[in-house]
Amino acid sequence: MSKAPVAVVGIGQTKHVAARHDVSIAGLLREAALRALADAELTFADIDAVVIGKAPDFFEGVMMPELYLADALGAVGKPMLRVHTAGSVGGSTALVASNLVAARVHRTVLTVAFEKQSESNAMWGLSLPIPFQQPLLAGAGGFFAPHVRAYMRRTGAPDHIGSLVAFKDRRNALKNPYAHLHEKDITLEKVRAAPMLWDPIRYSETCPSSDGAVAMVLTDTEGAARTPRPPAWLHGGAMRSEPTMFAGKDYVSPQAGKDCAADVYRQAGITDPRREIDAVEMYVPFSWYEPMWLENLGFAAEGEGWKLTEAGVTELDGDLPVNPSGGVLSTNPIGASGMIRFAEAALQVRGQAGEHQVEGARRALGHAYGGGAQFFSMWLVGADRPTT
């Protein structure tokens, strides 16, 4: 039996902010879930199973929260699965949910991802000791900054590229009502003058700490036919992983990322991603990762990614818009950040992205990564139902 086509028919997000003191974790998730159900014009009674994802439990200090969230998500008496793949978990969670529909295990699945970073301190939670190295890093930026430096040395990229990415994404965020950071007075000069946190990463080139949740309703062909708005159809999805540390690991362009993208393109029949994909929602927690991932995902040849950024190709009105929503640089509830990329890609091909809509978008890529460039998850969605 062939796989069932999978459609995204409902999408909901909370307004992402630094701290949601007005709701519990359960209330935060329910807010996103109810918005996704309203978008699909469904209720909890129409959902067959729930798949939930978040980053490490010690970020909030609540262990295995899925055990008490079933009530808030209408999952009492229904299958409920928890997914965890570090920062890529939002993407992986959506893929697990999509596979349940594709495999005809369930017809309609609600998938939700979240983080409530205000209830813990993720930066220090991520300040883990690295074997055989001096304990000098603080937060994820301390881990990834040397990889950025390696990219700059390898490609000859000038040091202003990171500021160009940050300036673009923060301006895009102003067009997204759900984005966390709305810096109306942002200028390129302000980004360049921001304090250096982890050389070469400046304060304005880093992601915020956000509270937020996102939800999607996934269903089969029959379910999609009953929904009022056009669906986004899944054309390809994949996950890959590799160890955080091993001899020969390429931290600048990990093999697992290349393999994951290649699998997605194969499923979707993509032979030239630069020309065949209309928009990209890419996981960029530090600005320099835009040019790095452009190369890793096959949009640019090795050493050429930064040139696309510098030429304006990735601007909202460019040939290949990257992070029209403002991306992780503007909104980062860690466990949800990957799913937000997937959901925003779906919004683009549904024509429902509002002010940050890419005109004529028919195919969009959602991308997430996590751990020490260790876990990768991606999906490609389109406005048209896949033919096979």
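The values are calculated or read from the model by the stated rules, or taken from the named source; none is laboratory data. What you see is a predicted model, and the numbers here were worked out from it, not measured in a lab. Ideal geometry is used to build each Cβ from the backbone, glycine not excepted, and the neighbour counts take in all protein chains shown. Side chains are part of the model used for accessible areas, which takes the heavy atoms of the whole protein and leaves out ligands, DNA and RNA. Shrake-Rupley method; radii C 1.70, N 1.55, O 1.52, S 1.80 Å.
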Which log10 I(q)/I(0) values, to two decimals, does the range 159-233 give at q = 0.16, 0.19, 0.20 Å⁻¹ under the Debye formula with one point per Cα?
-> -0.69, -0.81, -0.86
What the Cα atoms of the range 292-388 span along the principal axes, largest first and in whole Å, is 33, 33, 32
So what does Arg154 come to for accessible area, using a 1.4 Å probe and Å² rounded to 10?
-> 110
Please give every one of the lysines within straight-line cross-link reach of Lys249, meaning a C-alpha to C-alpha distance under 23 Å, and leave out same-chain neighbours fewer than 8 residues apart.
-> Lys258
Please grab the % of Cα pairs in the range 181-337 that end up more than 23 Å from each other.
-> 49
Ignoring ligands and nucleic acids, Ser2 exposes an accessible area, probe 1.4 Å, in Å² to the nearest 10, of 90
Does anything in the range 52-72 have its amide N under 19 Å from the 7 Å Cα→Cβ label point of Val23, and if so which residues?
-> 52-55, 60-62, 65-72
Please give, to one decimal in nm, the separation of the simple spin-label points placed at Glu119 and Asp317, each 7 Å out from Cα toward the Cβ.
-> 4.4
When ligands, DNA and RNA are left out and all protein chains stay put, how many square angstrom of accessible area per residue does the chain have with a 1.4 Å probe?
-> 38
Could you tell me the distance between the Cα centroids of the range 59-119 and the range 266-318, to the nearest Å?
-> 29
Which far-off residues, 5 or more places away or on another chain, put their amide H under 5 Å from the one on Ser210, with H placed in the peptide plane?
-> Gln117, Asn332, Ile334
For Leu197 the rounded accessible area (nearest 10 Å², probe 1.4 Å, non-protein molecules ignored) is 80
Got a sec to turn the phi values of the range 20-37 into Karplus ³J(HN,Hα) couplings, 6.51 cos²θ - 1.76 cosθ + 1.60 with θ = phi - 60°, whole Hz, x for Gly and Pro?
-> 9, 6, 7, 9, 7, 4, 4, x, 5, 5, 4, 4, 5, 4, 5, 5, 5, 5
If Phe144, Phe44 are ordered by their accessible area, calculated over protein heavy atoms with a 1.4 Å probe, which sequence runs from highest to lowest?
-> Phe44, Phe144
Whose amide H sits under 5 Å from the amide H of Leu197, counting only residues 5 or more places off or on another chain, with H placed in the peptide plane?
-> Arg202, Tyr203
Relative contact order (%) - the chain, alpha-carbon pairs under 8 angstrom, separation at least six = 26
Between Rg and the Kirkwood Rh of the chain, both from Cα atoms, what is the Rg to Rh ratio?
-> 0.94
If you wrap a convex hull around the C-alpha atoms of the range 218-285 and split its volume per residue, what is the figure in Å³?
-> 145
Residue-span extension gain [Phe58 to His182] - 0.36 nm each, minus C-alpha spacing | 41.8 nm
Rounded FRET efficiency, nearest 0.05, which uses the C-beta distance separating Glu302 from Thr43 and R0 of 45 Å = 0.35
HN-Hα couplings for the range 182-199 via Karplus (6.51, -1.76, 1.60; θ = phi - 60°), in whole Hz with x for Gly/Pro, come out as 10, 9, 5, 9, 5, 9, 4, 5, 5, 4, 5, 8, 5, x, 7, 9, 9, 3
Within the accessible area of the chain (1.4 Å probe), percent carbon and sulfur = 54
Where does the chain land at 222 nm, in deg cm²/dmol rounded to the nearest 500, when only DSSP H runs of n ≥ 4 count, each adding -39500 (n - 2.57), divided by all residues?
-> -9500 deg cm²/dmol
Under Karplus coefficients 6.51, -1.76 and 1.60, residue-wise ³J(HN,Hα) of the range 344-353 in Hz, glycine/proline x = 5, 4, 5, 4, 4, 6, 7, x, 10, 8
